[in-house]
Amino acid sequence: MRCLITKASTLASLGGEEVQTSVKFVNVLTPHPQPLSPGERVAEGRVRGQSATETQLSAVRGCSLLLVCLFASSHLVAQDDLQVRIQGHYQRGQDALRQNRYEEAAKEFLNILHLNPKLAEAHANLGVVYYSQGKYSEAAQSFREALKLKPSLSNAEGFLGICEAKSGQIQEALPRLEKAFKNTHEEALHQQIGLQLIEVYHARRDFNQTLDVLRSLQQAYPSNPEILYIAYRIHSDLGAKALSDLVKSAPNSARLHQVTAELLESEGDFPRAIEQYRRAIEIDPKLSGIHHALGVAILHSSRDEASRLQAQGEFELELAVNPGAAHSEYQLGEIYWLGSRPEEALKHFTRALELQSSFVDAQIALGKVWISQGQPAKALTFLQQAVRIDPENEVAHYRLAEAYRKLGRNQEGAAEMALFKKLREASSSIASIYRQVQQTPITVQTVEATELP
């Protein structure tokens, strides 16, 4: 079998017969309160290696998929003249597909089917042309004809399910998509089937099934930007639903005040956040985590001595309610560190690590304190463990570089410093976005500007 290799091609298969595909899919859940702007779509496309023009076209069309396959001679009728005519139509269709001239391509495949209406592959190729044009009803009919003639064209089943879903035929589409998602091995099509399934489940408010498919896609394609974006949208929607339910069911609860405080804190409005945390404590002073959250908000608001004393009191109250609160132990260590009491800081950082052995910021803090005490060898153990657990933690690399230099291991120190600079440069562009969506359970370890070489 001869196959046309198209730009950005991805090997696919229709029932075991190799074909070439070029896939540019864009999936947006409906409803979509915050659609990506054209500029964001272009930026996203550049990550995938697409040009701005290609990405803009893919955003308009929703997706573009070219599937081109020369039919092996065994699929053609025996008569030489008929075979030559079919090959001629195919070649012209191929040329049209290469230039995204879908109307011409469809015409050529229709001519092939006029000569031999029982060529299942021609029906499948025509279906893909219609699919690329967004003509989902016509594409579905072509895929049905292909499967009727040749049920072994397994990937046509997945395409048919997608087309039926996009045409509003959900009852027919759902079992077909579920089956295809389990049986499809071609990556691009498998991703598209999964994303379509998520859209169908999400529209039906079937959150368990939505999350099952999402987890499967994330496990299979952990770096795919479309899947990561959909994961963000799904979890945002679930969070919004939970918050809406909380407002309806418990409008005066301590937890609702806590959520309000967290939202205010993420916007940098610490005074109002502190007020909401205090209102939550008035309602339920033994609410797990609430004293800790208030202490962190106070430290984010100010680190002067009065604020540190207030925060210290909250962390101690948290530990009285929950002696296993590793984050509160860590925060007490930070307060003692800021108060120039390294021996007390060591005790609390050590206790935090005992309570949570993978606590990276506690490991970095211990490294920081031991370096300040002139014992970089002791610091080394904690810092090496920190970078093993979190290799992208820039502060861990900086402190490790510092420890290596103190030990005279300059080459290793230089390598860690290079990693620190690379990570800091990469993270600075997304830091503001990340701060808006992350929870902040602690005041994390940092590298002050005055420390930089």
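The values are calculated or read from the model by the stated rules, or taken from the named source; none is laboratory data. None of these values were measured; they are calculated from a predicted model. Quick reminder, even Gly has a Cβ in these numbers, built from the backbone with ideal geometry, and neighbours come from all protein chains shown.
Quick notes
- Selection of region 259-272 for residues being touching a His at 6+ places or on another chain (Cβ under 9 Å) and either within 16 Å of HIS291 (Cα to Cα) or outside the structural domain of LEU294 (by TED's automatic domain parsing) (or both) yields GLU265, PHE270.
- Meets criteria (crowded, with 21+ Cβ neighbours inside 10 Å and either at positive phi or not small (Gly, Ala, Ser) (or both)) for GLN192: yes
- Here PRO117 meets each of (1) of a type outside the set (Phe, Trp, Tyr); (2) part of a helix (DSSP H, G or I); (3) within 25 Å of ARG92 (Cβ to Cβ) with one exception, condition (2).
- Tally of residues being in contact (Cβ under 8 Å) with a residue 60 or more places away in the chain and aliphatic (A, V, I, L, M) across region 152-161: 2
- Which numbered condition SER154 fails, given (1) at pLDDT 95 or above; (2) over 24 Å from ASN100 (Cα atoms): (1)
- Number of the condition not met by THR184 [criteria: (1) closer than 30 Å to GLY158 by Cα; (2) at pLDDT 95 or above; (3) among the hydroxyl-bearing types (Ser, Thr, Tyr)]: (2)
- For region 357-398, the set of residues classified as more than 12 Å from LEU419 (Cβ to Cβ), surrounded by 15 or more Cβ atoms within 10 Å (Cβ to Cβ) and either of a type in the set (D, E, K, R) or modelled with pLDDT under 95 (or both) consists of ASP361, LYS368, LYS378, ASP390, listed by residue number.
- Residue within region 225-233 that is farther than 29 Å from ALA140 by Cα and out of contact with any Phe, Trp or Tyr (no Cβ under 6 Å at 6 or more places or on another chain) present: yes
- Residue list for region 218-258, filter: under 29 Å from GLY289 (Cα atoms) and under 11 Å from the mean Cα position of the chain (by Cα): ALA231, TYR232, ARG233, ILE234, HIS235
- Test: residue in region 310-333 that is surrounded by 15 or more Cβ atoms within 10 Å (Cβ to Cβ), within 21 Å of GLN385 (Cα to Cα) and hydrophobic (A, V, I, L, M, F, W, C): yes
- Qualifying residue in region 132-151 (condition: over 21 Å from PHE181 (Cβ atoms), surrounded by 22 or more Cβ atoms within 10 Å (Cβ to Cβ), without any contact (Cβ under 8 Å) to a residue 24 or more places away in the chain and within 36 Å of the chain's Cα centre (by Cα)): yes
- Summed over region 214-247, the residues that are over 24 Å from THR184 (Cα atoms) and of a type in the set (Gly, Ala, Ser) give a count of 5.
- Odd one out for TRP370 among (1) farther than 23 Å from GLN312 by Cα; (2) touching a Phe, Trp or Tyr at 6+ places or on another chain (Cβ under 8 Å): (1)
- When the residues of region 242-290 are filtered to those that are free of Cβ contacts under 8 Å to residues at least 12 places away in the same chain and of a type in the set (Lys, Arg), the one that is surrounded by the fewest Cβ atoms within 10 Å (Cβ to Cβ) is LYS248.
- Of the residues screened, ALA105 is not one that is in a helix (DSSP H, G or I) and touching a residue at least 60 places away in the same chain (Cβ under 8 Å).
- Inside region 348-381, residues that are polar (S, T, N, Q) and over 14 Å from ALA326 (Cβ atoms) make up a count of 4.
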